[in-house]
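For reference, the structure is listed below as structure tokens.
The values are calculated or read from the model by the stated rules, or taken from the named source; none is laboratory data. Everything numeric in this text was worked out from a predicted model, so none of it was measured. Methodologically, a virtual Cβ is constructed for each residue, glycine included, from the backbone with ideal geometry; neighbour enumeration extends over all protein chains shown.
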Amino acid sequence: MTASIGALDTCARLLREPVSLGRGDPRVSLEKYGPLLLAVAVVSAAVFGGVVGTYRGGVQLVFAAVKLPLLWLIPILVTLPAVRALHRVCGVDVDYGQVALAALVGTARAALVLAVASPALWLLYSLHVGYHVAVLALCGSLVAAGGVGLHTTARILPGSGAGKAVANMLAVAAVGVVFAQSGWVLRPFIARPRAEVSFMRTVESDVFSSVAASWRSARGDYTGWDARRQGLLANPEADSP
């Protein structure tokens, strides 16, 4: 019962006053709140992933529920040293404990926001919207929640002035690049209605090449790795580098 009350209190603080969780000695706070914040992040992201998987249903529901927590946590783990280094280069003195606590609070809050928004996404998917609308809804949700998490992390990290502002912008760029590529590697989260369901697709090129190829194809220029894979080129060798 006490554990349940503690979890509910932590969730309420994440939504109302997340900065309070990042005050004091970061080592003490990590020891006190770290496991619970990690559990909130994983469970909340899994709930959201399960809702995302309902678009296709079946085993895709399980796949999405497993992969969404990974998508949420991998960028934080990978970029943690870079975020600390960027702040120190910009004159903001932070240690790993402060960065880890701030990132964990921000990640947990972002994931909790996704879980809170899950019923709205489930309702949208229950209307049998098109595949591209479903993908846009997913991407919009991730971007909005990610913005909340990054803003929360920036508020908790120490420092002020131009140095912190520059460090935050560079950190957002670093996290954004890793987040985008992680999503590319872990795809699909929403399986196409007629596509074969798989846990992960074969890694082809990178997310930025995919965006560039999609932009070209939208303008009628069917060149690039994606066009070759889908057999849209009459002479595939003509597009080789």
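Out of the residues in segment 154-191 that are of a type in the set (A, V, I, L, M) and not in a helix (DSSP H, G or I), state the one that is farthest from S29 (Cα to Cα).
Out of the qualifying residues, it is A191.
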Problem set entry | Of the criteria (1) of a type outside the set (A, V, I, L, M, F, W, C); (2) loosely packed, with under 15 Cβ neighbours inside 10 Å; (3) modelled with pLDDT of 90 or more, which one G49 fails | (2)
For this session: Select from segment 203-228 the residues that are among the β-branched types (V, I, T) and closer than 29 Å to A110 by Cα and write down the one among them that is modelled with the lowest pLDDT.
Result: V211
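Is it true that F199 is under 22 Å from A45 (Cα atoms) and outside the structural domain of G97 (by TED's automatic domain parsing)?
Working: under 22 Å from A45 (Cα atoms): yes; outside the structural domain of G97 (by TED's automatic domain parsing): yes.
Criteria met by F199.
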Exercise. For segment 165-192, how many residues are surrounded by fewer than 18 Cβ atoms within 10 Å (Cβ to Cβ), in contact (Cβ under 8 Å) with a residue 60 or more places away in the chain and either within 17 Å of the chain's Cα centre (by Cα) or farther than 24 Å from A64 by Cα (or both)?
Worked result: 4
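Condition check ((1) farther than 17 Å from I156 by Cα; (2) polar (S, T, N, Q); (3) surrounded by fewer than 20 Cβ atoms within 10 Å (Cβ to Cβ); (4) touching a residue at least 12 places away in the same chain (Cβ under 8 Å)) across all residues:
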residue	(1), (2), (3), (4)
S44	yes, yes, no, yes
G57	yes, no, yes, no
A64	yes, no, no, yes
L80	no, no, yes, yes
Exercise. Quick one: G91 ticks every box in (1) under 17 Å from F179 (Cβ atoms); (2) of a type in the set (G, A, S); (3) at pLDDT below 90 bar one, so which box is it?
Worked result: (1)
Exercise. Out of all the residues in segment 143-153, is one or more in a loop (DSSP other than H, G, I, E, B), of a type outside the set (K, R), in contact (Cβ under 8 Å) with a residue 40 or more places away in the chain and closer than 22 Å to S20 by Cα?
Worked result: no
